[in-house]
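The values are calculated or read from the model by the stated rules, or taken from the named source; none is laboratory data. All figures in this text were calculated on a predicted structure; none of them were measured in a lab. Note: ideal-geometry Cβ built from the backbone for every residue, glycine included; neighbour counts use all protein chains shown. Side chains are part of the model used for accessible areas, which takes the heavy atoms of the whole protein and leaves out ligands, DNA and RNA. Shrake-Rupley method; radii C 1.70, N 1.55, O 1.52, S 1.80 Å.
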Amino acid sequence: MGGKEPTYFLRARYLQAIQDAGGVPLVLPLVRGLAKQKYLLQRLDGLLVTGSGSDLDPELYGEKQRYSFQRMSEERAQLELGLSKLAFRQGLPTLGICGGMQSMNVALGGTLLQDISSQLSTKIQHRPTKSATKTAHEIYIEPNSLLQRIAKRLSISVNSSHHQSIKSIPSSFQVTAVAPDGVIEAIEASRHPFWLGVQWHPEFLYRQDAIQKRLFTALIQSARQFVTRRVSFQKKVEK
Ligand code: MN
């Protein structure tokens, strides 16, 4: 949200990636309150929690803000956290990108590093000046994870455009990819049908990189299975 006359902004790349993977994207309004968020979520077959230029208020994970950065509006933060919590409980296929992955983590009780370069000694630039269409560093992928099944590799090159990262995860999550400096680059929840957060930006890479495209096609495929499960459940209830 921004501008004098409040207006929604969303990078079209996210919507294009969903369409190119065979899905139909819907942009969600900033709805307040869990009951209304639940109503909204019931109309979806899957969820993409996108990235954003702003960061969650550290109070949301029990810390004071220690560095200077733009805080996400309270409205957007409440939507991202609320939908993530509900999608986790309902088994709704969910992919989080960059800040979206951080919201999925905080929603279920995880915490964040507020500023990588201030809090961690690393030689890797996680927010290089080069374009996000270029890869920036390697990541190492956990064998037998959802990400490994999608990537079919144990290491890949990714882009990087973040100054925050995950510090701790809730007990129901697993870290399934790290950068060579130990920065967490992917999280999952093995008990959930499709719960994947990535710290990089596949929407900038998928046109030239089949592995990155599969992140989106895997989400859509899982969303199709979710619809089938929901339909068979409704049939059972109607009998
Ligand atoms: Mn990175």
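Tabulated values for the structure
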{"read-out": "Segment 179-190: number of residues that are under 12 Å from His126 (Cβ atoms), β-branched (Val, Ile, Thr) and not in a loop (DSSP other than H, G, I, E, B)", "value": "1"}
{"read-out": "Residue that is surrounded by 13 or more Cβ atoms within 10 Å (Cβ to Cβ) and closer than 13 Å to Gln164 by Cβ, where the choices are Ser73, Ser52", "value": "Ser52"}
{"read-out": "Checklist (1) away from the ligand (no atom under 13 Å from the Cβ); (2) of a type in the set (S, T, N, Q); (3) open to solvent by 20 Å² or more (accessible area, probe 1.4 Å); (4) touching an Asp or Glu at 6+ places or on another chain (Cβ under 9 Å) applied to Thr176, failing item", "value": "(3)"}
{"read-out": "Filtered residues of segment 125-141 (kept if among the β-branched types (Val, Ile, Thr) and either touching a strand residue (DSSP E or B) at 6+ places or on another chain (Cβ under 8 Å) or under 19 Å from Ser155 (Cβ atoms) (or both))", "value": "Thr135, Ile139, Ile141"}
{"read-out": "Residue in segment 134-157 that is within 16 Å of the ligand (Cβ to nearest atom), more than 14 Å from the chain's Cα centre (by Cα), acidic (Asp, Glu) and in a loop (DSSP other than H, G, I, E, B) present", "value": "no"}
{"read-out": "Segment 158-173 - residue that is within 14 Å of the ligand (Cβ to nearest atom) and part of a strand (DSSP E or B) and, of those, farthest from Leu112 (Cα to Cα)", "value": "Val158"}
{"read-out": "Some residue of segment 206-213 being within 11 Å of the ligand (Cβ to nearest atom) and more than 23 Å from Leu92 (Cβ to Cβ)", "value": "no"}
{"read-out": "Those residues of segment 182-198 which are touching a strand residue (DSSP E or B) at 6+ places or on another chain (Cβ under 8 Å) and closer than 25 Å to Ala132 by Cβ, in sequence order", "value": "Val183, Ile184, Glu185, Ala186, Ile187, Glu188, Phe194, Trp195, Leu196, Gly197, Val198"}
{"read-out": "Given (1) part of a loop (DSSP other than H, G, I, E, B); (2) of a type in the set (Ser, Thr, Tyr); (3) surrounded by 15 or more Cβ atoms within 10 Å (Cβ to Cβ), number of the condition Ser222 does not satisfy", "value": "(1)"}
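For (1) open to solvent by 20 Å² or more (accessible area, probe 1.4 Å); (2) over 20 Å from Glu185 (Cβ atoms); (3) at pLDDT 95 or above, each residue gets a yes or a no:
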| position | (1), (2), (3) |
| --- | --- |
| Phe9 | yes, yes, no |
| Pro25 | yes, yes, yes |
| Leu48 | yes, no, yes |
| Asp57 | yes, yes, yes |
| Ile97 | no, no, yes |
| Gln102 | no, no, yes |
| Leu108 | yes, no, yes |
| Thr111 | yes, no, yes |
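Okay, residues lined up against (1) closer than 30 Å to Arg229 by Cβ; (2) within 16 Å of the ligand (Cβ to nearest atom):
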| position | (1), (2) |
| --- | --- |
| Leu86 | yes, no |
| Gly91 | yes, no |
| Ile97 | yes, yes |
| Asn105 | yes, yes |
| Leu108 | yes, no |
| Ser118 | no, yes |
